[in-house]
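The next block holds one structure in the form of C-alpha cells; read it before the comments.
We did not get these values from a lab; they are worked out from the coordinates using the rules stated. Model, not experiment: these values are computed from the prediction. No Cβ is skipped: glycine too gets one built from the backbone with ideal geometry, and neighbour counts run over all protein chains shown.
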Amino acid sequence: MKVVVASTDEQENHIAELIEQLYTEIFPRFFPDDEILELKQLKVLQPQASDQVYNGTLKDAFQIISSLQALIAVLDLINDCKDEKEYEEMFERNSQNLNEYGYFFPLSFSQFKHAESREGKFSQFIKPANHFMI
C-alpha cells in the first residue's frame, strides 16, 4: 500500500494564480490580443481530463508550481539572458514537465525570444491598475 498526500487548496489556488499571471503579465508582453485569445481557445495551460496526469498530490502540485514559476522567471529575463542556451534548456525542461502533467503548453522558447516587443502597448488581458471606473 502506498500513501500519498493530497495537494492543499492553497497550492491549487497558487497554480491558478500563476497561470493567470502568465496570461495577464507575460503573454501581453510578447503576443497581440488576437494571439492570446487563440491561446485561450486552444486551452493553453488548462489541463484536459483526457490528458490529465496530475492526480492532485502534494508532489505533483509542487512540480507544476515550480515549472510555472521557472517559466515566468525565464520569460521575465529572456531579453537580458547572458547564456541563451541555458535559458532555453530551462524553458524546454519546464514546459515539457507541464505537458507531462496535462497542462498543455505548445509554445517554444524561440516564439518568445523572437517576438516583437509589446512593452507599453495596450491589451485587454493586462490587469487594471485599479477597479474604479473613471
Can you give me the long-range amide H partners of residue 6? Hydrogens built in the peptide plane at 1.01 Å from N, cutoff under 5 Å, separation of 5 or more residues or another chain.
58
With labels modelled as points extended 7 Å from the Cα through the Cβ direction, what inter-label distance (nm, one decimal) is found for residue 89 paired with residue 8?
3.4 nm
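Mind checking the full-extension length gain between residue 114 and residue 80? Use 0.36 nm per residue of separation minus the Cα-Cα distance, one decimal, nm. Spell out each step's value before the answer.
Values: separation 34, 0.36 × 34 = 12.24 nm, distance 1.33 nm.
Gain on extension, residue 114 to residue 80, equals 10.9 nm.
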